[in-house]
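Colleague: Can you keep this structure in mind? I'll have questions shortly.
The values are calculated or read from the model by the stated rules, or taken from the named source; none is laboratory data. If you're wondering where the values come from, they're calculated on a predicted model, not measured in any experiment. Cβ placement follows ideal geometry from the backbone for every residue including glycine, while neighbour counts extend to all protein chains displayed.
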Amino acid sequence: LLRAMDVLRRLLEGDAADTRAAFLRNYLRWEEEACRGSSHPTFPEALEEQFQEYPQCDYLVEMLSNCSRSEPPATSPDALPAPPPAPAPPVAAPDVEDLIDRVRTVLPHLGEGYVEAALA
């Protein structure tokens, strides 16, 4: 379950994240329509069935749900490309990981994904 969360997180960040998110969004919509009226669960439904007792499951299903509901921004064909966004101030990844580790030290029963979502 943690591996699936890590893969999804990596898929939705970095270069070409918009393209990968659009692919995932289209796949989830196709799967939802293809499974409608059948006994086959969608990927999020299968996750909930298999991992319902894990708090990370709710986080992962929510990430997938948000991805399938979000829409890419509408653009007109004659619109000029937007200037590149200003670079965000660097956030040290070890600080976030350290914070997650600190929380999990105090509350070890909480999953890493749950703590990450709570801190977001």
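Colleague: What pairs come up if the first residue lies in the range 26-55 and is closer than 19 Å to Met5 by Cα, the second is exposed (fewer than 13 other Cβ atoms within 10 Å of the Cβ) and at pLDDT below 85, and their beta carbons are under 6 Å apart, counting only those six or more places apart or on different chains?
Modeller: Once the first residue is closer than 19 Å to Met5 by Cα and sits in the range 26-55, no partner that is exposed (fewer than 13 other Cβ atoms within 10 Å of the Cβ) and at pLDDT below 85 comes close enough.
Colleague: Is the range 87-96 home to any residue that is at pLDDT 75 or above and within 21 Å of Gly113 (Cα to Cα)?
Modeller: Yes - at least one qualifying residue is present in the range 87-96.
Colleague: Would you check if there is a residue in the range 55-70 being aromatic (Phe, Trp, Tyr), in contact with a helix residue (DSSP H, G or I) (Cβ under 9 Å, 6 or more places away or on another chain) and modelled with pLDDT under 80? Let's see the steps before the verdict.
Modeller: Here is the first cut: in the range 55-70, the residues aromatic (Phe, Trp, Tyr) are 59.
From what's left, in contact with a helix residue (DSSP H, G or I) (Cβ under 9 Å, 6 or more places away or on another chain): 59.
Okay, now just the ones that are also modelled with pLDDT under 80, so 59.
Within the range 55-70, one or more residues are aromatic (Phe, Trp, Tyr), in contact with a helix residue (DSSP H, G or I) (Cβ under 9 Å, 6 or more places away or on another chain) and modelled with pLDDT under 80.
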